[in-house]
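First comes the structure, then the notes that go with it.
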Amino acid sequence: MSNSSDDSSGSMPSAAETKAQTKKGLREFFQQPSIKKLTGILVPGALAAALFPIFGPAVAGTAASIAIQNGLKLLGISFSASTIEKLLKPLEGKKLEETDIQGVLEDTLEKLVPADKQVNEEAAKALVVVAPEVKEAASANPKLEPEWLAENLEINLKEQGWMMARIASQLSELVKLDLAQSEVARQRLLADWTLISQEVTATRSSEVTDITQKAKGKGGQVSQRVSASDDSKVSDVKQDVDLTSSGHP
């Protein structure tokens, strides 16, 4: 789980080294003899393979969350502290081999992504970031047709719900392109990532008061939601949306 042997300074791997490890993990994932039987976990499996070079070494550290956030930045990925905490929780206090850590990460993603909106949205964006690498890794397996990846990726994305379901068709089209074109499409999709979601939820007989939700941007979709359940109460809510260039309220 340590960094390269020539890293005597103890500094974190470079962006190039991190991306190389992510590509290696994805190639190994798509080279599995049973890969065509894993279509039901294609999304969490690919994500776990891509993220393991960041999560695996950090699990052994005392400042895992910070190390992971810094490592993800090298890939152009941003996870909130709460999402990282949720992904790390099943690994806490366990002595695991590297392959076991990747398996636990995959299982955790498989459970969290369709159930947790925040994790889903952040993981969806992460998948877009590494989409060209996913395509490249799948293409390295001569037994996998490009159509297989596009079709099954779209199906599994839709099964995850939330943001993943929304980008399913776009990501499916992206992986049909050659690597140069897919990079252009990836950048466009990230640039158009204009959904802003703000949510306040009160549960277990709780009371939430004096809520202010503000969103400002140039077009896109804005979702502001307040909900209460289990005899809970939400009061004094102010919502403010400013889409200055969209021409819509």
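Worth a mention:
Let's see how each residue does on (1) outside the structural domain of Ile41 (by TED's automatic domain parsing); (2) among the basic types (Lys, Arg); (3) in a helix (DSSP H, G or I); (4) in contact (Cβ under 8 Å) with a residue 60 or more places away in the chain:
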| site | (1), (2), (3), (4) |
| --- | --- |
| Pro90 | no, no, yes, no |
| Lys94 | no, yes, no, no |
| Thr99 | no, no, yes, no |
| Gly103 | no, no, yes, no |
| Leu109 | no, no, yes, yes |
| Ala115 | no, no, no, no |
| Ala123 | no, no, yes, yes |
| Ala126 | no, no, yes, yes |
| Glu133 | no, no, yes, yes |
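- Checking each residue in the range 142-158 for being buried (at least 17 other Cβ atoms within 10 Å of the Cβ) and assigned to a helix (DSSP H, G or I) picks out Leu149, Ala150, Asn152, Leu153, Glu154, Asn156, Leu157.
- Options Ile41, Ile68: the member that is free of Cβ contacts under 8 Å to residues at least 40 places away in the same chain and part of a helix (DSSP H, G or I): Ile68
The values are calculated or read from the model by the stated rules, or taken from the named source; none is laboratory data. Everything numeric in this text was worked out from a predicted model, so none of it was measured. When we count neighbours, we look across all protein chains shown, and the Cβ atoms used for this are built from the backbone with ideal geometry, even at glycine.
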